[in-house]
1. State the Cα centre-to-centre distance between the range 306-382 and the range 33-55 in whole Å.
2. Taking the mean number of other Cβ atoms within 10 Å as a proxy for protection, how do you rank 285-296, 352-363 from highest to lowest?
3. For the residue pair residue 70 and residue 174, what label-to-label distance in nm results when each label sits 7 Å from Cα along the Cα-to-beta-carbon direction?
4. Per the Kirkwood formula on distinct C-alpha pairs, the Rh of the chain is how many angstrom?
5. With the contact rule set at Cα under 8 Å and sequence spacing of 6 or more, what percent relative contact order holds for the range 207-361?
6. Within 10 Å, count the other beta carbons around each residue, average over each peptide in 185-194, 17-26, and list them highest first.
7. With the Cα gyration tensor of the range 11-101 giving a ≥ b ≥ c as the square roots of its eigenvalues, does the rule (a/c under 1.5 for rounded; else a/b larger than b/c for prolate; else oblate) give rounded, prolate or oblate?
8. Can you tell me what share of the DSSP beta bridges in the range 207-361 is antiparallel? A percent to the nearest 5 is fine.
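Laboratory data are not the source of any read-out in this text; all were calculated from the coordinates shown. Treat the numbers as computed from the prediction; the structure is a model and nothing was measured. Here the Cβ positions follow ideal geometry from the backbone for every residue, glycine too, while neighbour counts run over all protein chains shown.
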């Protein structure tokens, strides 16, 4: 793939699709992986005169890029009630409205649209486009609270609704013309839970933001994630105790106070950093850790784009991204001894930064748009 100055990928968009279109996304509580998928589809897939309308249950618009926020044409009025709406990073209480979310999406009027794309990890797949419209579901995961009760803490609170949620979700899974999974792990989950096959199209990563030529700081490792239990922040921090290396952690979440109280002296924690400072950390780090099981894991690709090898967990999306011994190390247990051993291996080996960057480019925004355009056109022109 051609490269521009400073390691930037030259993006060549596919031919724009001429069709009146809608994107339906569960909710926007920030600008994270699933929201970036929506924005890439909105900005890159359709012709200018056919810019898609975006429907959602709730949107913290102040946290979104302006053009994405302005493209949202409808939200739930219930989610906008005083005390419910999210204000900035203050989460609000709109998540208490789970029992009405499926009905909200089923009641959306999508009659005018020739192409409907549901970006769903919960209820967006519940929509009902007209029968002759192309209906594609980009599935980040089947709804975790319903199907993976042992893996999601919200399942206990929703226990009385789990049977209903599963029935509704299974009924909705029959409607899309095509499922697109964000990783092989999610494809397997869709097949197991819904009995449907899907096409894997990995999420878009803005690899051009990262420069793999910056000089690395030997022995300096990086961890960037939310401070929640399944991301394993405490195990990662403890793994560095007494190691002759340094770890920078970046994240916010409910475990922040307890993590800070137990940090080894060679580990620092930042609550939040501007994007430019974060990309600089990726560029200087000599290794990146992400040992929580993810559906995909965009930050691992960002690390590779900066020429930084990854220590990942050997299940979930990491298996699509990290080739053992080539792009980094995969651990089969996210405990301090295994993490410590992987850190020592990464620190003791030489890594080809150009090869790591080339691997990241396989997940670029351009590749995403090319693959999504092919899927949508296949069903639009059937």
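1. Comparing the Cα centres of the range 306-382 and the range 33-55, I get a distance of 25 Å.
2. Numbers: 285-296: 24.8, 352-363: 18.2.
Descending mean neighbour count gives 285-296, 352-363.
3. 4.2
4. Values: mean 1/r = 0.0461 Å⁻¹.
Its Kirkwood hydrodynamic radius stands at 21.7 Å.
5. On the way: 312 pairs, mean separation 42.1, N = 155.
Normalised by residue count, the contact order of the range 207-361 is 27 percent.
6. Values: 185-194: 18.1, 17-26: 22.3.
The most tightly packed comes first, giving 17-26, 185-194.
7. Values: a/c = 2.69, a/b = 2.01, b/c = 1.34.
Taking the square roots of the gyration eigenvalues as a ≥ b ≥ c, the range 11-101 is prolate.
8. Working: 0 of 19 bridges.
So the antiparallel bridges in the range 207-361 amount to around 0 percent.
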